[in-house]
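Asker: Let me give you the structure first, and then I'll get to my questions.
The values are calculated or read from the model by the stated rules, or taken from the named source; none is laboratory data. What you see is a predicted model; the values in this text were computed from it and never measured. Cβ atoms come from the backbone with ideal geometry, glycine included; neighbour counts cover every protein chain shown. Note: areas computed on protein heavy atoms with side chains; ligands, DNA, RNA excluded. Shrake-Rupley method; radii C 1.70, N 1.55, O 1.52, S 1.80 Å.
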Amino acid sequence: MPTASKTAYERHAPDPRIVERALSKTRRGVYWIEEAGKPATYEPLTESTNADLTIVGGGFLGLWSAVHAQRRNPGQRIVLLEAETIGWAASGRNGGMCSASLTHSDENGRRHWPDEYDQLVRLGEENFDEFESDVATFGIDCHWERTGGLSVAVEEYQLESLLSNKEYSGHVLDAEQIRSELNSPLFLGGVRSDPDEPGALVQPARLAQELARVATELGVQIHEGSRVVGLSTPRAGTATVSTERAVITTDRVLLATNAFRPLLRRNRLMTVPVYDHVLMTEPLTTDQMASIGWQGRQGWGDMPNFFAYSRLSKDNRILYGGIDAIYHAGRSVKEKYEDRQKSFNKLASHFFATFPQLEEVRFGHRWAGAIDTCTQFAAFYGIARHGRVAYAAGFTGLGVGATRFAANVLLDLLSGSDTERTGLKMVQKRPLPFPPEPLASIGINLTRWSLERADNRQGRRNAFLRALDAAGLGFAS
């Protein structure tokens with residue numbers, strides 16, 4: 001059995017003084033939201049009203065649902081309610097890397113939906129192309145940049161996994177080739193998808209704001225500062241959605257609350273919020289950019305269980321995130337969880353291990369956000385309350401592209417349409433729920449410990465992780 005050892009990032013850890021200096025003037029704030037500038041504002045709902053469709057949640061899923069619904073039936077009245085402001089949560093805070101994947105990874109997709117995996121790949125690629133088309137059609141200013149992507153190996157066992165995977169034939173890069181793409185002494189090899197293949201960068205806060213603009217231009221009524229406190233669906237007649245100040249009488253309801261407490265009791269144990277942390281550098285100089293290459297500007301991720309991901313912004317800042325996923329007992333989402341210095345220190349150390357030539361770079365922003373994860377690590381879907389309420393959640397950090405697909409699934413379900421999407425096992429079957437507390441905390445923390453242990457043992461999974469794999473609950477990023 002492999003013995004515990006330091007990871008590549010630990011073996012190449014920088015002088016702690018470099019980390020301390022780089023973080024010394026970092027401010028807490030979401031760069032994407034600041035860069036997007038002052039957005040349009042939408043008045044709270046203060047008077048009761050009627051709607052054909054009421055959407056709860058002003059992130060990507062809710063916004064895409066509003067746009068698609070109004071395009072399908074321009075004459076209907078659609079109201080979208082957001083508790084805070086458009087895109088303030090996960091949709092405005094994520095890495096902005098848009099993938100075609102609906103399953104979170106090839107391995108995860110084949111594990112959960114082996115019989116329809118090829119179909120899911122095709123549908124994901126079609127959705128990605130339609131996403132790109134919508135950006136052009138509606139003039140969505142979200143810094144869309146089709147770049148392809150990179151997956152990199154930083155340990156020998158990861159490289160062996162890449163070389164043995166026949167699906168990567170023709171795209172596998174050795175150490176010299178990967179470093180010509182992105183110059184890091186840690187990279188032993190990798191997989192490159194070409195720019196004409198699915199894989200793009202977006203400015204996520206701009207994308208949310210622009211989708212809100214498109215929705216309102218199509219006729220959707222958006223209300224910020226309108227927290228939903230109740231959902232009532234009597235057996236006959238219309239449903240009611242209650243905010244703190246008004247009530248909407250509505251034919252159908254679409255729930256897009258993701259990491260936040262579900263309005264349907266049946267979904268209370270289906271997801272848990274885990275916190276992801278992010279650093280953003282100041283803009284790199286021309287010489288600094290030359291030192292790392294990165295001419296293709298692809299977003300990239302590495303291969304440990306606790307993986308890092310990174311990308312460039314339009315003005316050549318480097319976003320660096322991931323490497324931990326922090327769960328706080330009680331399934332709670334709180335602002336105080338967003339400023340975890342231990343996570344930011346670890347991110348900075350990983351960053352300088354990856355790019356030691358950038359030791360003079362400083363971080364300008366730090367932030368965090370809650371990811372809605374479920375036991376299948378990809379979105380689940382459902383219809384409830386006599387066909388009047390549809391929902392999706394559990395995107396597990398890969399929702400930039402997948403939320404667009406999910407919006408169409410939910411609208412199909414609400415309309416009662418029998419489509420290719422609604423026929424998917426992914427759509428028809430719910431994953432296993434998480435247990436209630438305190439079992440949830442015990443299980444999640446044991447899983448985190450086991451995954452971290454595997455990263456320090458050349459990927460070797462212990463008996464607990466193997467049991468989860470056998471039950472179809474194993475994580476494959």
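Asker: Would you mind getting the accessible area per residue of the chain, heavy atoms of the protein chains only, 1.4 Å probe, in Å²?
Answerer: Ligands and nucleic acids excluded, the result is 42 Å² per residue.
Asker: Quick check on the chain: helices-only [θ] at 222 nm, where DSSP H runs of length 4 and up contribute -39,500 (n - 2.57) each and the sum goes over total residues. Nearest 500, please.
Answerer: On the way: 16 runs with 161 residues, N = 477.
The helix contribution divided over the chain gives -10000 deg cm²/dmol.
Asker: Now, a different point. On the accessible surface of region 300-348, probed at 1.4 Å, how many percent belong to carbon and sulfur atoms? Display every interim value, and only then the final one.
Answerer: Working: 920 of 1900 Å².
Here it works out to 49 percent.
Asker: Roughly how far apart, in whole Å, are the Cα centres of region 323-364 and region 433-470?
Answerer: 22 Å
Asker: Taking a 1.4 Å probe, which of L255, L263 shows the most accessible area, and what order do the others take after it? Intermediate values should be presented prior to the final figure.
Answerer: On the way: L255 10, L263 45 Å².
I get L263, L255, largest accessible area first.
Asker: Just how much of V56 is accessible, in Å², when a 1.4 Å probe is used and the result is rounded to the nearest 10?
Answerer: 10 Å²
Asker: Further, regarding this structure: Give or take rounding to whole Å, what are the principal axis extents of the alpha carbon atoms in region 225-301, in descending order?
Answerer: 67, 27, 21
Asker: Could you tell me the distance between the Cα centroids of region 15-83 and region 98-139, to the nearest Å?
Answerer: Taking the Cα centre of region 98-139 as reference, the centre of region 15-83 is 23 Å away.
Asker: For the pair I442 and Q76, how long in nm is the line joining their label points, each one 7 Å along Cα→Cβ?
Answerer: Between I442 and Q76, the label points sit 4.5 nm apart.
Asker: Considering only protein heavy atoms and a 1.4 Å probe, what is the carbon-and-sulfur percentage of the accessible area of region 135-258? Could the numbers behind the result be given before it?
Answerer: Numbers: 2420 of 5310 Å².
Carbon-and-sulfur percentage of accessible area, whole number: 46.
Asker: Okay, moving on. Over the residues of the chain, compute the C-alpha Rg and express it relative to 2.2 N^0.38 Å.
Answerer: On the way: Rg = 22.0 Å, N = 477, 2.2 N^0.38 = 22.9 Å.
With N residues counted in the chain, Rg over 2.2 N^0.38 Å equals 0.96.
Asker: Calculate the FRET efficiency for K334 and E34 from the Cβ-Cβ distance with a Förster distance of 22 Å, rounded to the nearest 0.05. Please list the in-between numbers first.
Answerer: Working: r = 22 Å, r/R0 = 1.00.
Approximately 0.50, to the nearest 0.05.
Asker: Restrict the search to region 1-105; then list the GluC sites (Glu not before Pro) that DSSP places in a loop and that have at most 11 other Cβ atoms within 10 Å of their Cβ.
Answerer: Details: sites: E10, E20, E34, E35, E47, E82, E84; in loops: E47, E82, E84.
In loop regions of region 1-105 (DSSP not H, G, I, E or B), the sparsely surrounded GluC sites (Glu not before Pro) are E47.
Asker: Which value in nm describes the separation of the simple spin-label points at H171 and N50, placed 7 Å from the Cα toward the beta carbon?
Answerer: 5.1 nm
Asker: Under 25 Å Cα to Cα from K6, which lysines show up? Leave out anything in the same chain fewer than 8 places away.
Answerer: Output for K6: K342, K346.
Asker: While we're on this one: With a point put 7 Å past each Cα toward its Cβ, work out how far R122 is from R460 in nm, to one decimal.
Answerer: 4.3 nm
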